[in-house]
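Here's the structure, in structure tokens; my notes come after.
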Amino acid sequence: MAGEPTRGSPPVTSLSPVRRALAPLLRGLGLVLRGIFAAAILLQELVAFVGAPVWRAIAGLPFLAALADLVRRLPPYGVLAVLAVPFLVAEPLKIAGLYALGTGRIAWGVGLQVVGHAVSLLLVERILHAGLPQLLTLRWFAVIWGWFVSVRSAVGAWITAIGLRRLLARIRDGVVALAASIRRGILRLVGR
């Protein structure tokens, strides 16, 4: 009802007229931002789940293991500095991919999305997880990380509840079978 307080906020009647006028807009903006974050997390989880066999194979590369060892020895702000480099590459690639998809350049859009997510999954997440204990010593980071984990858990619960995991598993199995078939075809072509 109008004039009743929402969870975690003061009663609307105690707000200034400007804040009272902006309250519905800010609540709507909050819902939109949560939806955007949920969609981004869902996309990230989809790519990670479908490409899991490929990501696991690549994650075992010696370069990535050495990078993780280096990051574990850094102080918290050192981890942030190392984390910023691939993040500054991956996220613009994803945004450019969305723009390309939105303007009808499907091949470019898909390619940029794949490269952006690959950089993100391989470098950003490897650095983040290797340096997470140091980062969690920063109070502001611990608060943001806690919020992120709770949103990701809620999205994961929603995915599980509607059965998308089974669909994603079938897609992943199809991708693995297709890759094996392509590999066999290439080996037949080269005479092995």
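The values are calculated or read from the model by the stated rules, or taken from the named source; none is laboratory data. Owing to the predicted nature of the structure, the values given are computational and were not obtained by experimental measurement. Glycine gets a Cβ as well: all are built from the backbone with ideal geometry, and neighbour counts include every protein chain shown.
Brief remarks on what is shown
- Pairs with Cβ under 9 Å, 6+ apart, first in the range 148-166 and basic (Lys, Arg), second modelled with pLDDT under 65 and part of a helix (DSSP H, G or I): ARG165/ILE159
- From LEU189, LEU135, residue being more than 19 Å from ALA52 (Cα to Cα), at pLDDT 75 or above, surrounded by 14 or more Cβ atoms within 10 Å (Cβ to Cβ) and of a type outside the set (Phe, Trp, Tyr): LEU135
- Checked against the criterion of being of a type in the set (Phe, Trp, Tyr), part of a helix (DSSP H, G or I) and under 21 Å from TRP145 (Cα atoms), the range 26-48 has at least one qualifying residue.
- Cβ separations smaller than 6 Å between residues 6+ apart or across chains give the following pairs from the range 169-185 residues that are farther than 13 Å from VAL54 by Cβ and in contact (Cβ under 8 Å) with a residue 24 or more places away in the chain to residues that are assigned to a helix (DSSP H, G or I) and of a type in the set (Val, Ile, Thr): ILE171/VAL50.
- Number of residues in the range 97-127 that are assigned to a loop (DSSP other than H, G, I, E, B) and either of a type in the set (Val, Ile, Thr) or surrounded by 14 or more Cβ atoms within 10 Å (Cβ to Cβ) (or both) equals 2.
- Residue match in the range 140-156 (condition: farther than 19 Å from PHE49 by Cα and either surrounded by 14 or more Cβ atoms within 10 Å (Cβ to Cβ) or among the acidic types (Asp, Glu) (or both)): yes
- LEU74 being outside any helix (DSSP H, G or I), modelled with pLDDT of 90 or more and not aromatic (Phe, Trp, Tyr): yes
- Of all residues in the range 75-87, those that are closer than 11 Å to LEU138 by Cα have Cβ atoms under 8 Å from Cβ atoms of residues that are surrounded by 15 or more Cβ atoms within 10 Å (Cβ to Cβ) and polar (S, T, N, Q), 6 or more apart or on another chain, in PRO75/GLN134; PRO76/GLN134.
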